Each structure stands twice: as structure tokens, then as C-alpha cells.
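Here is the structure we will look at.
Derivation of every value follows stated rules applied to the coordinates shown; laboratory data play no part. This structure is a prediction, so every number in the text was calculated from the model and none was measured. Every residue, glycine among them, receives a Cβ derived from its backbone with ideal geometry; neighbour counts consider all protein chains shown.
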Amino acid sequence: MKKHFLYSLFIGFALLTTACNNSATDGYSEVSYYTFTDGELERPTGYRTWVYVGTPTTPNDMNNGKAPFPEFHNVYIDPVSYDAWKETGQWREGTILIKELVSVDSKAAASGNGYFMGNFIGLEATIKSKELFPNEPGNWAYFSFTNPGSNQLKNTAKAFATNQCNSCHDASAQDDFVFTQYYPVLREAKNIGKGVNPENSAKRQSSGNGSGMTSEGSEWDPTAPTPSDAGVDIPLEKEALFAYLNEGSYRDFATQEKEKHPSLGPHTKIGLPVKVYMNDAIANSLAENKQQHPKGSIIVKEMFDESGTLSGWAVMAKTHDDTDSGKGWFWYEVTSTTDANSIAAMGNGVTGCITCHNIGNRDMVRTSYPFQN
Ligand code: HEC
Ligand code: HEC
């Protein structure tokens, strides 16, 4: 046993010192688990034999049918970066993490009710490289090979723009853009020392909240009252707003995209078409780079399904001049064009919408403006 252990250490040492540099993490940088061709990441292979770090689950049925990344996320890290993490507690140049998406299949088993893995449905990756991504915060870039509406992954992927993925990781992840708070394998390995296998320790913790995170009530409930005389030119009551959207007069707003664009957010699935309309109040305010948009600002976003048919709307309307951490915005999303009750969220200060929209400093607005098309 011991011999074998020393032997692997030796091999590891020989391999890893080929690039002998000054900092501890740099020594690992020669070994790479990915390939770029013409600036695009080739679909990583062999990752199911890397180090498995955890499986966060964001099932659609706990996210109003619209989890941005359904459902199970099996996360893997390349083995050399895992070793570097154990030794230094840092992500080496060239770290790659894979997130393989798996559907929820059965919800009952001999062991009880729950969520059980079905099929592989998507593949995402993130890479840290100063050399390749000198301008990305933390030098992390994000990729997706998932192909909505197809059962084939893409063969290559371009890095997403910073605000699409990196910013949220920057804001919320525990260890340099990686969500180690949800990966016990990485939490236990941090700085433990090269060659040590933390799983061999007999120590176990009492069940519960290792990540220090708390579970709260519904993120999709409003946290502030919606004023009835908001001074907004659209109705803010459920049935009336739904009727207004169906009737379609927002299509007269002067500022609108000429064409649909593939959604970068979770509205419908990432990649499905959306089209954005803005009234003058918000368009002028964005043009003037205002940090807070005026009361009366309205944005309507049409969402379409795979076949290009309208499938619902997302709406943001400013009911107060003061943003008040998102409570000054009215948030609404409906996932049907025939049923006014299919709402994902409705009201002022919906946490589930805000946590994602408060990225950047454009007062909760995420779409690029001026529009790309
Ligand atoms: C709103 C915040 C948010 C956005 C935006 C976001 N992520 Fe994440 N990401 C998370 C969270 C939270 C986790 C960990 C828990 C989980 O997987 O649900 C995670 C985990 C990951 C992981 C596993 C490694 C890690 O860093 O923990 C990858 C890979 C990943 N995301 C890729 C992407 C890609 C690609 C995009 C852009 C299309 C993206 N993410 C956008 C919140 C976000
Ligand atoms: C996981 C992150 C995320 C969550 C959660 C989220 N959004 Fe978005 N939203 C985005 C991104 C990213 C864009 C810009 C997407 C694009 O242009 O393709 C966007 C765009 C929008 C737009 C068009 C105007 C704008 O800000 O760009 C509206 C309206 C909107 N979202 C409403 C909502 C509502 C209502 C909710 C809650 C039910 C919500 N969003 C939840 C990420 C999110």
C-alpha cells in the first residue's frame, strides 16, 4: 500500500515539476485537459473519470418549471487541478470544471420519494486561464455545449460574455468563482496537502448545513407591496396584465428589437428566442446611462418556444424612482399565452428575479442596450 502510494507520489512529482516555476500553482500549469481550435473550446472528453465533486440539483418543479440549468448538475474537476487545490487551496492556471446536466426521471424509489437521475441532457464547462482569458474577471471563462431542441451536443463552444455567466459566479461563489459551498469533496480537500485523501479519514460531521447556507421560503414571492396607483402605463393586476399582453399594444413601444435573439438568461431555456420592447422612459434613461431608472419605466420581453411560437412574457416595470434593492421594480413572468395563472413570479421585489438581475450597474437591466439588432 505504502509503496504504491510513494510511487504515485514520485510519478506525480516527476510530471508536475516539468514546468518548474516560482509559485506553487504554476508548477502544475503544463498539464492541460482541454483544446481550443480557432478560439473555440472543443467538447471535453473523458471527464467522467476525473474527480467528481458534487451534484447540486435545481429541479424544474421547484423553480416554476424554469430552472436555468435543469436538473441535476454532476460536477467534475480535472485530477491535476484537484491535486493543486489540495496542496495550495487555489485553482491552478488551466483548471477546468465540468457540469454535466442530468434530467430528473423518477420521483419515487424503493427508498422513498425524491429525485432520481434520468438521462444526460447537457454539458457546460468553465476554465481558468490567465493566458487565454486575460480580461475575464478572475481569468475564468464559461462555455456550454448544450443544444436546446437537439439531442446532439455541440462540438465546439465560444466563451460566453462576462455578464452572462462570470458575473454571477463572481458575486456568489465561495472560492474564486467556484461554488465550493455546494461541493463537500472540494471543501474537505482544500489545503489538506498533496497526496492526502480526505475520504480516508473516519471523521464525519453531523448532518446539516455544511455550506453555511440557509434555506428560505419561496424566492418567487413578492417581498414588497405593489402600489395600486403606480403611475405605470400598464396594468399590474394579474388578469388585466395578462389581457394587456395578449392584446399586444406594447408592440407600439418605440424602442424594440428588430428580431428575436437567443436568450442569454433562463427565460424559457437558454438559447431559445426572445424579443424585448421598451417604453420611452426606460429607453431614454438607458441612453443617458442613468444609475436608477425613473418610475414608469416598462420592459416587456416576449418568449418563444423551439418552433418560434410565442410562449409567454417577462415584464419589469418601475413603480418607484428608488430601486430599493429591487423592491422598486415590479416583476412578472408568465409561461403561457392562454392561462393567466401560469405565472412564474409576480409582484414587487421578487428575490428569484433580483438575485440575477442585480448584476452590473444598469439598475437591474440585463439586455444589451442599444440592442444588438
Ligand atoms: C445566477 C447565477 C449563475 C449564473 C448566471 C451562472 N451560474 Fe454557473 N453556477 C451557479 C451556481 C449557484 C452553481 C453551483 C450550484 C449549481 O450547480 O446549481 C454554478 C455552477 C457552475 C459550474 C460548475 C463549477 C462551479 O463553478 O461551481 C459550471 C461549469 C457553471 N456553473 C457554468 C455556467 C455557465 C456556462 C453559465 C452561463 C451560461 C453560468 N454557469 C451562469 C450560478 C450561476
Ligand atoms: C438566472 C438569471 C436570471 C433570472 C433568475 C431572471 N432573469 Fe431576467 N434576464 C436575465 C438575463 C441574462 C437577461 C438578458 C437576456 C438576454 O438579453 O438574452 C434577462 C432579461 C430580462 C428582461 C428583459 C429586460 C432586461 O433586463 O434585460 C426581463 C423583462 C426579465 N429578464 C424579467 C425577469 C423576471 C420577471 C424574472 C423573475 C421571474 C427574471 N427576469 C429572472 C437573467 C435572469
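Ranked by the mean number of other Cβ atoms within 10 Å per residue, highest first, peptides 63-70, 295-302 order as 295-302, 63-70. Could you please report the charge total around Thr55, scoring K, R as +1 and D, E as -1 over all other residues with beta-carbon less than 15 angstrom from its beta-carbon? Once all neighbours under 15 Å are counted, the net charge is -1. Roughly how far apart, in whole Å, are the Cα centres of segment 41-72 and segment 305-328? That distance is 27 Å. Give, as ranges by residue number, the residues of segment 223-267 whose backbone N falls under 20 Å from the point 7 Å along Cα→Cβ of Asp339. What the label zone holds, given the 20 Å backbone N cut-off, is 238-247, 267. Each listed q (0.06, 0.11, 0.12, 0.14 Å⁻¹) maps to a log10 I(q)/I(0) for the chain from the Debye sum over equal C-alpha point scatterers, namely -0.28, -0.87, -1.01, -1.26.
Report the residues of segment 131-148 in range of a label on Thr156: point 7 Å along Cα→C-beta, backbone N strictly under 15 Å from it. Correct set: 144-145. If the chain linking Leu310 and Asp229 were pulled fully straight, counting 0.36 nm for each residue of separation and taking away their Cα-Cα distance, it would gain 26.2 nm. Over the chain, DSSP H runs of length four or greater, each weighted -39,500 (n - 2.57), average out per residue to a 222 nm ellipticity of -5000 deg cm²/dmol.
Take every Cα pair under 8 Å whose residues are at least 6 apart in sequence, average their separation, divide by the length of the chain, and the relative contact order is 11 percent. Measuring between their Cα centroids, segment 125-201 and segment 76-117 lie 11 Å from each other. Along its three principal directions, the equivalent ellipsoid of segment 238-357 from the Cα gyration tensor extends over semi-axes of 22, 17, 14 Å, largest first. Size check on segment 19-200: the Cα extents along the three principal axes, sorted descending, read 53, 43, 30 Å.
The rule of thumb for compact globular proteins, 2.2 N^0.38 Å, goes into the C-alpha radius of gyration of segment 320-364 1.26 times. Once you've got the Cα coordinates, tell me which of Lys107/Lys260; Lys66/Lys158; Lys128/Lys318 are over 30 Å apart. Over 30 Å Cα-Cα: Lys107/Lys260; Lys128/Lys318. Taken over segment 97-251, the alpha-carbon convex hull comes to 266 cubic angstrom per residue. Extents of segment 92-168, largest first, come to 50, 26, 21 Å (Cα atoms, principal axes, whole angstrom). Please list, in order, the residues from segment 114-147 whose amide nitrogen is less than 16 Å from a point placed 7 Å along the Cα→Cβ vector of Asp105. Only 114-122 fall inside the zone, counting backbone N under 16 Å. Across q = 0.15, 0.23 Å⁻¹, segment 262-330 modelled as identical point scatterers on its alpha-carbon atoms has Debye log10 I(q)/I(0) values of -0.55, -0.95, in the order of the q list.
Local charge sum around Trp91 (other residues, Cβ-Cβ under 9 Å, Lys/Arg +1, Asp/Glu -1)? Don't skip to the end; give the middle numbers.
Numbers: positive: Arg92, Lys128; negative: Glu93, Asp175, Asp176.
Net charge in that neighbourhood comes out at -1.
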